[in-house]
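Colleague: The following block contains the structure, expressed as structure tokens.
The values are calculated or read from the model by the stated rules, or taken from the named source; none is laboratory data. This one's a predicted model, so the numbers in the text were calculated from it and none came from an experiment. Neighbour counts run over all protein chains shown; Cβ positions are idealised from the backbone, glycine included.
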């Protein structure tokens, strides 16, 4: 299946700005077949299980693995010496002790550090400070995880394995990261050609999407949709159609709209938006939902969540209720 992430702040040169109407395009039969190969009600463990363990560290992913999720979500960046790692922020201050280890470099992006330097950082103690009631001594001294180490964790777990849902981050800092990602995943058998090693790809970068499609034509891609603070009121139908068309034209079979939540999230699951996504024949994997799952259940085909434990429980109880209702 194909997944694509698109930053909505980057507008295409299209009818959204020209004022001319734009016709909504639709997935073709081949794209629909790829779309339909993704599990229904997909549970995408957003950065592992970050409610219970430091995000994108080994314990976070191990907990999610134990739940039997459908996909492990990871944000992919690249070190100065060319190693692909799992880390969300391009700045290391939020989730490491960078200020203690490299005080003069704490504002530098990940791309300016070698892997050896990054491995000097404590990527777990921050969680104990922020969430003392969920703290664990085992989190102290955790290191940033490489993508290869994440793959090792999956392959060391019992089959069936969850898929990998990988997002290319800050690609302006990592020219050629799509090719590097393909090289590593092809070597490890995770390039989307092995049904036991399912792959989803995401990116917020318009420039990254066609590159992912060229390297991974067989893999599903998600169109992640996001509007930053102050922009929500400027999303109109013409603009939304153009974003969806960009995804359809560049290999996306899923739309990934944001849901109400943190201050920087805006609701891109409004009724008219859902209709357009469905009219384009895109399935919907929305982010990031951690409670009140029933509100969006009927409108989505899967969810990114920090609470894979609760989402798995919700789907289980929902299915039991449906079965009881048929008896």
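Colleague: When you look at residue 236, is it at pLDDT below 90, surrounded by fewer than 18 Cβ atoms within 10 Å (Cβ to Cβ) and touching a strand residue (DSSP E or B) at 6+ places or on another chain (Cβ under 8 Å), yes or no?
Modeller: So residue 236 does not fit the description; no.
Colleague: Another question about this same structure. Inside region 40-58, can you point out the residues that are within 23 Å of residue 284 (Cα to Cα) and more than 15 Å from the chain's Cα centre (by Cα)?
Modeller: 40, 41
Colleague: Right, something else. Quick one: would you say residue 221 is under 28 Å from residue 118 (Cα atoms) and either surrounded by 21 or more Cβ atoms within 10 Å (Cβ to Cβ) or touching a strand residue (DSSP E or B) at 6+ places or on another chain (Cβ under 7 Å) (or both)?
Modeller: Against the criterion (under 28 Å from residue 118 (Cα atoms) and either surrounded by 21 or more Cβ atoms within 10 Å (Cβ to Cβ) or touching a strand residue (DSSP E or B) at 6+ places or on another chain (Cβ under 7 Å) (or both)), residue 221 does not qualify.
Colleague: Which of the following residues is assigned to a loop (DSSP other than H, G, I, E, B) and farther than 19 Å from residue 87 by Cα: 242, 267?
Modeller: When all the criteria are applied, what remains is 267.
Colleague: Kindly provide the set of residues from region 85-111 that are over 22 Å from residue 61 (Cα atoms) and part of a loop (DSSP other than H, G, I, E, B), ordered by number.
Modeller: 102, 106, 107, 108 - these are the residues of region 85-111 that are over 22 Å from residue 61 (Cα atoms) and part of a loop (DSSP other than H, G, I, E, B).
Colleague: Here's a follow-up. Which is in contact (Cβ under 8 Å) with a residue 40 or more places away in the chain and at negative phi, of 275, 312?
Modeller: Every option except 312 fails the conditions.
Colleague: Filter region 305-327 for residues that are touching a helix residue (DSSP H, G or I) at 6+ places or on another chain (Cβ under 7 Å) and surrounded by 20 or more Cβ atoms within 10 Å (Cβ to Cβ) and give the result.
Modeller: 305, 308
Colleague: Something else now. Give 256, 247, 251 a once-over and let me know the one that is surrounded by 17 or more Cβ atoms within 10 Å (Cβ to Cβ), in contact (Cβ under 8 Å) with a residue 12 or more places away in the chain and in a strand (DSSP E or B).
Modeller: 256
Colleague: Could you list all residues from region 156-169 that are modelled with pLDDT of 95 or more and either crowded, with 24+ Cβ neighbours inside 10 Å or within 20 Å of the chain's Cα centre (by Cα) (or both)?
Modeller: Matches in region 156-169: 161, 162, 163, 164, 165, 166, 167.
Colleague: Taking the condition over 19 Å from residue 87 (Cα atoms), modelled with pLDDT under 95 and surrounded by 15 or more Cβ atoms within 10 Å (Cβ to Cβ), does residue 16 pass?
Modeller: yes
Colleague: Search region 170-205 for residues being within 17 Å of the chain's Cα centre (by Cα), closer than 19 Å to residue 88 by Cβ and at pLDDT below 95, and hand back the single one that is surrounded by the most Cβ atoms within 10 Å (Cβ to Cβ).
Modeller: Step by step, filter region 170-205, then rank; the result is 202.
Colleague: Shifting gears a bit: Specify which of the listed residues (41, 70, 90) is touching a strand residue (DSSP E or B) at 6+ places or on another chain (Cβ under 8 Å) and modelled with pLDDT under 95.
Modeller: Result: 90 is the single residue among 41, 70, 90 that is touching a strand residue (DSSP E or B) at 6+ places or on another chain (Cβ under 8 Å) and modelled with pLDDT under 95.
Colleague: Scan region 99-122 for residues that are touching a helix residue (DSSP H, G or I) at 6+ places or on another chain (Cβ under 9 Å) and within 17 Å of residue 75 (Cβ to Cβ) and jot them down.
Modeller: Correct list: 109, 110, 111, 113, 118, 121.
Colleague: Identify all residues within region 274-327 that are over 22 Å from residue 245 (Cβ atoms) and within 17 Å of the chain's Cα centre (by Cα); write none if there are none.
Modeller: Correct list: 288, 289, 290, 302, 303, 304, 305, 306, 307, 308, 311.
Colleague: What's the total number of residues in region 259-273 that are under 12 Å from residue 240 (Cβ atoms) and surrounded by fewer than 18 Cβ atoms within 10 Å (Cβ to Cβ)?
Modeller: Of the residues in that region, 2 qualify.
Colleague: Return yes or no: is residue 72 crowded, with 21+ Cβ neighbours inside 10 Å and not in a loop (DSSP other than H, G, I, E, B)?
Modeller: Spelling it out, residue 72 is indeed crowded, with 21+ Cβ neighbours inside 10 Å and not in a loop (DSSP other than H, G, I, E, B).
Colleague: Sticking with this structure for a sec: Among the candidates 289, 276, which residue alone is in a helix (DSSP H, G or I), surrounded by 15 or more Cβ atoms within 10 Å (Cβ to Cβ) and in contact with a helix residue (DSSP H, G or I) (Cβ under 7 Å, 6 or more places away or on another chain)?
Modeller: 276
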